[in-house]
1. At 4 °C and 1.567 mPa s, what whole-number value in µm²/s does Stokes-Einstein give for the translational diffusion of the range 21-116, with Rh from the Kirkwood sum over Cα pairs?
2. Taking 8 Å as the Cα distance limit and 6 or more residues as the minimum spacing, I'd like the relative contact order of the range 1-111 as a percentage.
3. Would you grab the residues whose amide H sits under 5 Å from the one on Ser41? Only those 5+ places off in sequence or on another chain, please, with H modelled 1.01 Å from N.
4. Add +1 for every Lys or Arg and -1 for every Asp or Glu among the other residues with Cβ under 10 Å from the Cβ of Met21, and state the total.
5. Size of the dipole of the chain about the Cα centre, Lys and Arg at +1 and Asp and Glu at -1 on the beta carbon, nothing else charged, in debye to 20?
6. Divide by every residue of the chain the summed helix terms, -39500 (n - 2.57) for each DSSP H run of at least 4, and state the resulting mean residue ellipticity at 222 nm, rounded to the nearest 500 deg cm²/dmol.
7. For helix 56-72, report the angle its Cα long axis makes with the longest principal axis of the Cα atoms of the chain; keep it between 0 and 90° and round to the nearest 10°.
Amino acid sequence: MLIKATVKNFKSFEDLVELNMISSSKIRSHIDHKTKIKQTSILKNGVIYGANAAGKSNLVMFFDFFKWTLLNGMPAGEPNLFCRNKENNKYKATEFELTFTVNKKFYAYGYKAILS
């Protein structure tokens with residue numbers, strides 16, 4: 001189960017962006033919307049919404065790229081997937097990290113790479 005995803009300097013995400021599935025204390029009456037693993041309440045579902053060009057598709061591309069690199073390794077000559085808002089982002093590392101659970105154990109996996 002996905003707990004958290006963070007990405008930095010990838011596509012439209014210049015600064016660190018986090019998708020977090022940890023439940024807030026506001027969800028009290030809808031306890032069926034969350035599950036508990038150890039002492040952590042985690043949302044069972046999430047919805048991504050926003051205006052056009054807000055980064056929804058780039059979030060999907062982040063997961064796709066992360067999966068692809070885990071299965072195949074870092075591609076040689078990657079087509080500049082760093083955030084192009086500033087020229088010097090070309091020389092900065094892109095950061096990826098996922099936090100997840102398997103059999104009620106928590107794991108985190110991430111890496112940094114220069115994508116230019």
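1. Details: Rh = 16.2 Å.
Translational diffusion coefficient: 80 µm²/s.
2. Details: 141 pairs, mean separation 41.2, N = 111.
For the range 1-111, the relative contact order is 37 percent.
3. It is Ser23, by chain and number.
4. Values: positive: Lys4, Lys34, Lys44; negative: none.
My count for the surroundings of Met21 gives +3.
5. Working: 18 positive and 9 negative charges, 101 e Å.
My answer is approximately 480 debye.
6. Details: 1 runs with 17 residues, N = 116.
The helix contribution divided over the chain gives -5000 deg cm²/dmol.
7. 80 degrees
Quick note: the coordinates plus some simple rules give every number you see, no bench work behind them. Every value quoted in this text rests on a predicted model; they were computed, and no experiment measured them. Glycine also receives a Cβ, built like all others from the backbone with ideal geometry; neighbour counts cover every protein chain displayed.
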